[in-house]
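Every read-out reported here was derived from the displayed coordinates using simple, explicitly stated rules and does not represent laboratory data. If you're wondering where the values come from, they're calculated on a predicted model, not measured in any experiment. Here Cβ is always computed from backbone atoms with ideal geometry, including for glycine, and neighbour counts include all displayed protein chains.
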Amino acid sequence: MVLLSCPFLGLHADNVNVALHKPVTASSQQKEFPASNVTDGIVSRKSTWMSGKSARPPHTLDINLERYYNINRVVIYTGIPDAEQTEQEKGKAPGFWSVKNFKIQYWDDANWTDLPDTECTENRLDKLEFTFHPELLTFQIRLVSTDGEPIRINEFEVYGKEKAGMPIPVTTGEAPRVSQEPLEKEMQVTVAKEIIGKSMKYVAYNQGYYLPGSNVSGWLEYSNVNSLRVWTSLNDYIPQSVVFNDKELSTLEAFESCKNELRNNPEHNRFIQWEPILAKCGEAHFSTNSMIFEYTLKELKRLNIDAILQINSTDFDGTWSNKWKQWQRFYALAFYAAKTGDVTMYAMHNEPNHRHAGPMKITQYVDAMKIVSDAVYCAVQDVNRLYGKNLKSRFVSPVTAGSNTN
């Protein structure tokens, strides 16, 4: 048997195969070689998983660990063990029967994410080991193979330690498991009239579509929520073409000078073109959150529902000219939202560590947040000053795309 050469962490008493006897699902399987065989602890051709004879790639194998674990090593046994090969099979090169082209992924609570340095092409080994440092936090591991013929996995081992204090994970479409363990002692509950604390201030929905003639406002009123997360994109409402792009601007002093000039007369200045912005806010934009922005803000204000304005943009490169451009765009959207709908809560880019967002680097996000939060604060203060409002702006922390080893 050939062993893939790579260093691995020292084993401890609590470093065990946490995949043993755990649930497994596969894209296909042969009746006599089901997917459950890969976690039965037996490395044998008689206890293997084989994808369907006529199944087309990709072939997938998912291991549900049922708990969050800090994982430091994965071991895969494939092919046919030497001792179980027939005389005809022994004439083949080592690894002839092994899975050839594959990679390993983990569930990061939002996506199936490729694990670095686990992609293999033209593999000829029948035992492979992969180690992870820092350790990987997840509850699901997946093997994805693009082999054109049926593949076989004898055993899939995952080594690590359960992560203390984590909730029991719930996969899509499954109800949370209910513990049937008896309580260590009896519990006594006393009901009193006195108020001893406060619950959450907001009960909210994520926005879907919000268009005139729909029943969205009626449903929000009926459900008695007091907040709505409203999704906007700068490219829809404040494209780069409606703000002043000064590529020569290169210093903090120049940035502050332009900012002060704009704030002296927010709605009539040489920087922001309000006419096309107002037109865009008054027309329908279609996406997974289709809406007319003006209509949405006015309806939420009428219903006394506080909006959390989610503004998505990843266009930040750290230069002062870029910062000035983005400051103007976020300022314009926040000014419009505060003036039209009394919006006070703002968030910059949902799931910045999602692969579809770049992902944004933490340093890039923090640098951008300094500019954006200042733009939002200034916009709301200027609306208060010009329109006699008393709004207090709040910058909401990002929602991230699950755990991330980086």
inquiry  = Under 10 Å, Cα contacts only: if you run a Gaussian network model on the chain, which one of Ser257, Ser199, Ser28 comes out with the highest mean-square fluctuation?
reply    = Ser199
key: Distance between region 43-83 and region 220-272 - C-alpha centres, whole angstrom   = 52 Å
request  = Please state the charge dipole magnitude for the chain, taken about the Cα centre, from unit charges on C-beta atoms (+1 on K and R, -1 on D and E), reported in debye and rounded to the nearest 20.
outcome  = 780 debye
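Using only DSSP helix segments of four residues or longer, with each worth -39500 (n - 2.57), what per-residue ellipticity at 222 nm results for the chain after dividing by its residue count and rounding to 500? Kindly include the intermediate steps, with their values, before the conclusion.
Numbers: 7 runs with 91 residues, N = 406.
Here the helix-only value at 222 nm equals -7000 deg cm²/dmol.
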ask   = Quick one: in region 192-325, what % of C-alpha pairs are over 24 Å apart?
value = 47 percent
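With an 8 Å cut-off on Cα pairs and a minimum separation of 6 or more residues, tell me the relative contact order of the chain in percent. Show your work: numbers first, answer last.
On the way: 749 pairs, mean separation 60.8, N = 406.
About 15 percent, as a whole number.
Fewest Cβ neighbours within 10 Å first, please rank Leu137, Leu386, Leu252, Leu297 accordingly. Spell out each step's value before the answer.
Numbers: Leu137 20, Leu386 13, Leu252 9, Leu297 24.
If I rank by nearby Cβ atoms, fewest first, I get Leu252, Leu386, Leu137, Leu297.
At 0.36 nm per residue, minus the direct Cα-Cα distance, what do Lys201 and Glu261 gain on full extension? Give it in nm, one decimal, please. Could the numbers behind the result be given before it?
Values: separation 60, 0.36 × 60 = 21.60 nm, distance 3.78 nm.
Difference between extended and current length: 17.8 nm.
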key: Cα lying deepest toward the dipole's positive end in region 204-396, options Leu297, Ser313, Pro239, charges on Cβ   = Leu297
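Could you check what % of the DSSP bridge pairs in region 204-396 are antiparallel, to the nearest 5?
Values: 2 of 20 bridges.
Antiparallel: roughly 10 percent of the beta bridges in region 204-396.
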query = If you count the DSSP beta bridges with both ends in the chain, what percent of them are antiparallel, to the nearest 5?
reply = 70 percent
task = Pop a pseudo-label 7 angstrom from the Cα along the beta-carbon direction at both Tyr222 and Val170 and give the gap in nm to one decimal.
result = 2.4 nm
Residues Tyr377, Tyr331, sorted so that the one with the fewest Cβ neighbours within 10 Å comes first = Tyr377, Tyr331
request  = Beta carbons within 10 angstrom, averaged per residue: use that to sort the peptides 283-294, 42-53, 342-353, highest first.
outcome  = 342-353, 42-53, 283-294
request  = Grab the eigenvalues of the alpha-carbon gyration tensor for the chain, scale each by 5, take roots, and send me the semi-axes largest first in whole angstrom.
outcome  = 53, 28, 20
task = Identify all lysines with a Cα-Cα distance to Lys280 below 25 Å; exclude those on the same chain that are fewer than 8 residues away in sequence.
result = Lys259, Lys298, Lys301, Lys323, Lys325, Lys339, Lys389
ask   = What lysines could a cross-link reach from Lys31, if we take a straight Cα to Cα line under 24 Å and drop same-chain neighbours fewer than 8 places away?
value = Lys22, Lys46, Lys53, Lys100
ask   = Put +1 on the Cβ of each Lys and Arg and -1 on the Cβ of each Asp and Glu in the chain; which of Leu143, Gly341, Ile80 then has its Cα farthest toward the positive end of the dipole?
value = Gly341
task = Just name one of Pro359, Trp97, Gln381: the one whose Cα is farthest towards the positive end of the charge dipole of the chain (beta-carbon charges, Lys/Arg +1, Asp/Glu -1).
result = Gln381
request  = At 0.36 nm per residue, minus the direct Cα-Cα distance, what do Asp40 and Asp374 gain on full extension? Give it in nm, one decimal, please.
outcome  = 114.5 nm
query = Using the Karplus equation 6.51 cos²θ - 1.76 cosθ + 1.60 (θ = phi - 60°), what ³J(HN,Hα) coupling, rounded to whole Hz, does each residue of region 116-124 give in order, writing x for Gly and Pro?
reply = x, 6, 10, 7, 10, 10, 6, 4, 10
ask   = Within region 267-296, what residues put their amide N at less than 12 Å from the label point 7 Å along the Cα-to-Cβ vector of Tyr209?
value = 285-292
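Work out, step by step, the length gained on full extension between Asp315 and Val16: first 0.36 nm times the residue separation, then minus their alpha carbon distance; give nm to one decimal. Intermediate values should be presented prior to the final figure.
Details: separation 299, 0.36 × 299 = 107.64 nm, distance 4.46 nm.
Computed gain between Asp315 and Val16 is 103.2 nm.
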ask   = Given Cα pairs under 8 Å that are at least 6 residues apart, what percent is the relative contact order of region 204-396?
value = 25 percent
message = Can you tell me which lysines have their Cα less than 17 Å from the Cα of Lys201? Leave out same-chain residues fewer than eight positions away.
response = Lys392
Label-point separation, Gln364 to Ala93 (7 Å along Cα→Cβ), nm = 4.1 nm
key: Least to most buried among Trp112, Trp324 (fewest other Cβ within 10 Å first)   = Trp112, Trp324
